[in-house]
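The values are calculated or read from the model by the stated rules, or taken from the named source; none is laboratory data. Since the structure is predicted, the reported quantities are computational estimates derived from the model, not experimental observations. Because the Cβ atoms are built from the backbone with ideal geometry, glycine has one as well, and the counts that use them run over all protein chains shown.
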Amino acid sequence: MSKSKRPQVISAAQFTEAMSHLKRPGESVRKLLRAHCNSKGRVSTMTLLAEAAGYTSFSPANLHYGALARRIGKHLAISEPSLRIPTASDAYLSLIGDFIQPETVTNAHWLLVMKPEFADALLASHWID
């Protein structure tokens with residue numbers, strides 16, 4: 001992948017294939033993924049996802065979500081995206097979600113919008129059942 005501002009688009013089939021080779025995440029991460037997938041419009045903040053996973057702050061959610069995105073990206077041999085989000089622990093998060101800056105709409109915090117292809121793969125993988 002070239003170093004561009006827009007991350008590579010990954011198909012649901014590619015996500016599913018990558019996820020089939022990864023260890024299923026622990027329960028806390030599955031709670032986070034389930035909450036994000038089930039949120040209205042698949043839009044949430046790391047704080048809300050952290051609460052759903054039982055974390056006391058957004059930092060562990062950011063760390064674990066970023067690590068999962070990195071494992072998927074590495075499995076698919078995708079170079080680290082150049083897109084940098086100040087509060088995201090890992091640039092690979094841009095592979096599985098799009099970010100909306102604070103105060104862009106009515107949001108006080110960064111919003112993470114789960115990409116439909118990742119949501120489809122999550123459902124197909126049964127990781128959040």
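Every listed requirement among (1) within 21 Å of A12 (Cα to Cα); (2) surrounded by fewer than 18 Cβ atoms within 10 Å (Cβ to Cβ); (3) not charged (D, E, K, R) is met by T56 save one, (1).
Select from the range 1-21 the residues that are surrounded by fewer than 17 Cβ atoms within 10 Å (Cβ to Cβ) and under 15 Å from the mean Cα position of the chain (by Cα) and write down the one among them that is modelled with the highest pLDDT.
Start the filter on the range 1-21 by keeping residues that are surrounded by fewer than 17 Cβ atoms within 10 Å (Cβ to Cβ), which leaves 1-6, 8-9, 11, 13, 17, 20-21.
From what is left, the residues that are under 15 Å from the mean Cα position of the chain (by Cα) are 8-9, 11.
Details: Q8: 67, V9: 82, S11: 95.
Per the stated criteria, the residue is S11.
Consider H36 carefully, then state whether it is crowded, with 19+ Cβ neighbours inside 10 Å and either under 19 Å from T16 (Cβ atoms) or touching a His at 6+ places or on another chain (Cβ under 7 Å) (or both). Steps first, answer last, please.
Working: crowded, with 19+ Cβ neighbours inside 10 Å: yes; either under 19 Å from T16 (Cβ atoms) or touching a His at 6+ places or on another chain (Cβ under 7 Å) (or both): yes.
Criteria met by H36.
Restricting the range 39-53 to residues that are crowded, with 20+ Cβ neighbours inside 10 Å and among the hydrophobic types (A, V, I, L, M, F, W, C) leaves a set whose member that is nearest to P102 (Cα to Cα) is M46.
Scanning the range 35-50 for residues that are more than 10 Å from V113 (Cα to Cα) and under 11 Å from the mean Cα position of the chain (by Cα) returns M46, L49. Has the range 63-78 got at least one residue that is touching a helix residue (DSSP H, G or I) at 6+ places or on another chain (Cβ under 7 Å), at pLDDT 95 or above and not in a helix (DSSP H, G or I)? For the range 63-78, residues touching a helix residue (DSSP H, G or I) at 6+ places or on another chain (Cβ under 7 Å), at pLDDT 95 or above and not in a helix (DSSP H, G or I): absent. Consider Y92 carefully, then state whether it is under 11 Å from the mean Cα position of the chain (by Cα) and modelled with pLDDT of 90 or more. Here the answer is no, as Y92 does not meet what is asked.
Looking for whichever is in a helix (DSSP H, G or I), free of Cβ contacts under 8 Å to residues at least 24 places away in the same chain and in contact with a His (Cβ under 9 Å, 6 or more places away or on another chain) here; the options are A52, A18. Which one fits? Of A52, A18, the one residue that is in a helix (DSSP H, G or I), free of Cβ contacts under 8 Å to residues at least 24 places away in the same chain and in contact with a His (Cβ under 9 Å, 6 or more places away or on another chain) is A52. For the range 38-49, the criterion of being polar (S, T, N, Q), under 20 Å from V9 (Cα atoms) and touching a helix residue (DSSP H, G or I) at 6+ places or on another chain (Cβ under 6 Å) is met by none of the residues.
Here the range 95-115 is the region considered, the condition is being within 17 Å of A35 (Cβ to Cβ) and at pLDDT 85 or above, and the residue that is surrounded by the most Cβ atoms within 10 Å (Cβ to Cβ) is L112.
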